[in-house]
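Asker: If you scroll down you'll find the structure; I have some questions about it.
The values are calculated or read from the model by the stated rules, or taken from the named source; none is laboratory data. All values derive from a computational prediction rather than experimental measurement. Each accessible area value is taken on the protein alone, full model and side chains, heavy atoms only, with ligands, DNA and RNA left out. Shrake-Rupley method; radii C 1.70, N 1.55, O 1.52, S 1.80 Å.
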Amino acid sequence: MTHQVYAFEPPERFVAGTVGAPGERTFFLQARGGGRLVSVALEKVQVSLLAEKLEELLTEAQRRFGVDLPEAPVPVGDNDPLEMPVDEEFRVGTLGLAFDADTATVVIEAIAVGETETEIELGESEEDEPDDVEPDEDLDRLRVRLTPEATRAFIERARRVVNAGRPPCPLCGQPLDPAGHLCPRNNGYHR
């Protein structure tokens, strides 16, 4: 089976963004460069964890390799919406992060949801999978290489995008709906 690798080393623009109203948003990573525009869909929690782990990766790179990091927070940079058309190339199943000490860049790889994950959800056995094939080798992927400054800007924007949704309930932490919220900590009464 053939797979597509969308490599942007470095991209002209790499951002996290959403399409839709709060509560119904679809999250995307979008990369542009070399006349190409690639958008991949992922979950809100994946965007949040990506920002958190990138921050940890930058801190570790500074500690281990002496990388100069920009001061946090970065001034508001790219606050523009996603570029149109937002055509989903694939849905992200796995995110990988690395720091290349030779070039002092961060490598982010978003890998598509694989057939093995679908088979497990459907209740099929893992024994049907051949032993000599890696599960991720035939999956589409988006690979982006960023400078520490661009990584910091991505982190700040990703956090703004995640926090721009529905506010959390002060009691249970679940998102508040405009029509009301049945709070389990309030014995099911509307808040």
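Asker: Counting pairs of Cα atoms in the stretch 31-86, how many percent are more than 17 Å apart?
Answerer: Numbers: 934 of 1540 pairs.
Of all Cα-Cα pairs in the stretch 31-86, 61 percent lie more than 17 Å apart.
Asker: Grab the alpha carbons of the stretch 22-62, take their convex hull, and tell me the volume per residue in Å³. List each step's numbers first, then the result.
Answerer: Working: hull volume 3.6 nm³, N = 41.
Normalising the Cα hull of the stretch 22-62 by residue number yields 88 Å³.
Asker: A further question on this structure: Accessible area of the stretch 41-98 with a 1.4 Å probe: how many percent of it is carbon plus sulfur?
Answerer: On the way: 1870 of 3670 Å².
Result for the stretch 41-98: 51 percent of the exposed heavy-atom area is carbon or sulfur.
Asker: What does the accessible area per residue of the stretch 1-120 come to in Å², with a 1.4 Å probe and no ligands, DNA or RNA counted?
Answerer: Values: 6630 Å² over 120 residues.
Ligands and nucleic acids excluded, the figure is 55 Å² per residue.
Asker: Using only the alpha-carbon atoms of the stretch 1-108, report the extent along each of the three principal axes, biggest first, to the nearest angstrom.
Answerer: 40, 37, 25
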